[in-house]
Amino acid sequence: MKYRIIIFFLWITSYCYGQDYTPLLELNKTWNMFLYNDTGDSYSFDIEPINFVEIEGQTYYQIVASHNGCTTYLREDPIERKVYGISEGNEYLHYDFSKNVGDSIWVLDQLREITSIEYGDFYGMENLRFFVLDNVYKLIEGIGFETYGIIDAFEYGCLHVPIFELVLLSNMNQPLSIEDNNLLVFNVYPNPVNSSLFVSSNADKLVLKIFNLLGQVLFTQNIDVGTSMIDLSFLDNGAYLMTWESTKGNGFKRIIKN
């Protein structure tokens, strides 16, 4: 009877704390990224856990960026819903998904409040839990940040080379090539734009977003097949990054608002 009680307690604990949790880390999981630097050049790269490493008696994932071999280390406790990192030889709490609305967590070099918790799908991963921070940022179980992925786990200056303007998560676990008969056709004009921007596409379910250079989403709209007009008169003059996602492919473009 004693052993049955213990087993039942462990099952209840696992059920209560683990049923809705989507692990962040697993081998060969891939964060597809775009880097846009201040020279006007841009390129894609991947971030991927490739191996297990023992550090101070704990098992960490070795996570590598494909474009320059930059490496970081994270470990995850799925029961506690916490992710830990290593900095200057010391372990620290990197993400804490055990928090609730009204709690504060230290992320992006600042203490931020969880203003709401939502559920949704993201890049083919279903029913994920979204922590909305300060009514702006979204920290997502299984993903990391909505726009940055897990790049904040890397030491500054290692991943961010050359000098960058913006690094964005563009997809998850997807090959970079697309079959020729399924290529996305996408055009945007005029650029620079004063107020009215025209977007044409052959994808019937395309999601268009506009970011400022801090990575904040300023505009989101679903675009149908054909040509659509978008009113950007609300934007201040300056440079922005436009991204688009569809079943036929993804992409990005720098736009200038005059």
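The values are calculated or read from the model by the stated rules, or taken from the named source; none is laboratory data. This structure is a prediction, so every number in the text was calculated from the model and none was measured. Quick reminder, even Gly has a Cβ in these numbers, built from the backbone with ideal geometry, and neighbours come from all protein chains shown.
A few points about this structure:
- Restricting attention to the range 161-189, the residues that are at pLDDT 85 or above and either more than 20 Å from the chain's Cα centre (by Cα) or among the charged types (D, E, K, R) (or both) add up to 0.
- Residues in the range 1-33 that are surrounded by 10 or more Cβ atoms within 10 Å (Cβ to Cβ) and at pLDDT 80 or above: Tyr21, Thr22, Pro23, Leu24, Leu25, Glu26, Leu27, Lys29, Thr30, Trp31, Asn32, Met33.
Table: residues versus (1) more than 17 Å from the chain's Cα centre (by Cα); (2) assigned to a loop (DSSP other than H, G, I, E, B); (3) modelled with pLDDT under 90; (4) over 22 Å from Tyr137 (Cα atoms).
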{"site": "Asn68", "(1), (2), (3), (4)": "yes, yes, yes, yes"}
{"site": "Thr72", "(1), (2), (3), (4)": "no, no, no, yes"}
{"site": "Ile79", "(1), (2), (3), (4)": "yes, yes, no, yes"}
{"site": "Glu91", "(1), (2), (3), (4)": "yes, no, no, yes"}
{"site": "Tyr95", "(1), (2), (3), (4)": "no, no, no, no"}
{"site": "Gly102", "(1), (2), (3), (4)": "yes, yes, no, no"}
{"site": "Tyr119", "(1), (2), (3), (4)": "no, no, no, no"}
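- Across the range 206-258, the number of residues qualifying as surrounded by 11 or more Cβ atoms within 10 Å (Cβ to Cβ), acidic (Asp, Glu) and not in a strand (DSSP E or B) comes to 1.
- For the range 226-258, a residue qualifies if it is among the acidic types (Asp, Glu) and over 18 Å from the mean Cα position of the chain (by Cα), and the qualifying residues are Asp231, Asp236.
- Here Tyr95 passes the criteria (1) in contact with an Asp or Glu (Cβ under 8 Å, 6 or more places away or on another chain); (2) crowded, with 17+ Cβ neighbours inside 10 Å; (3) within 14 Å of Lys82 (Cα to Cα) except the one numbered (1).
- Note on the range 116-126: residues that are touching a residue at least 40 places away in the same chain (Cβ under 8 Å) and of a type in the set (S, T, N, Q) amount to 0.
Table: residues versus (1) surrounded by 17 or more Cβ atoms within 10 Å (Cβ to Cβ); (2) within 24 Å of Glu245 (Cβ to Cβ).
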{"residue": "Pro49", "(1), (2)": "yes, yes"}
{"residue": "Glu56", "(1), (2)": "no, no"}
{"residue": "Thr71", "(1), (2)": "no, no"}
{"residue": "Glu76", "(1), (2)": "yes, no"}
{"residue": "Glu91", "(1), (2)": "no, no"}
{"residue": "Val101", "(1), (2)": "no, no"}
{"residue": "Glu113", "(1), (2)": "no, no"}
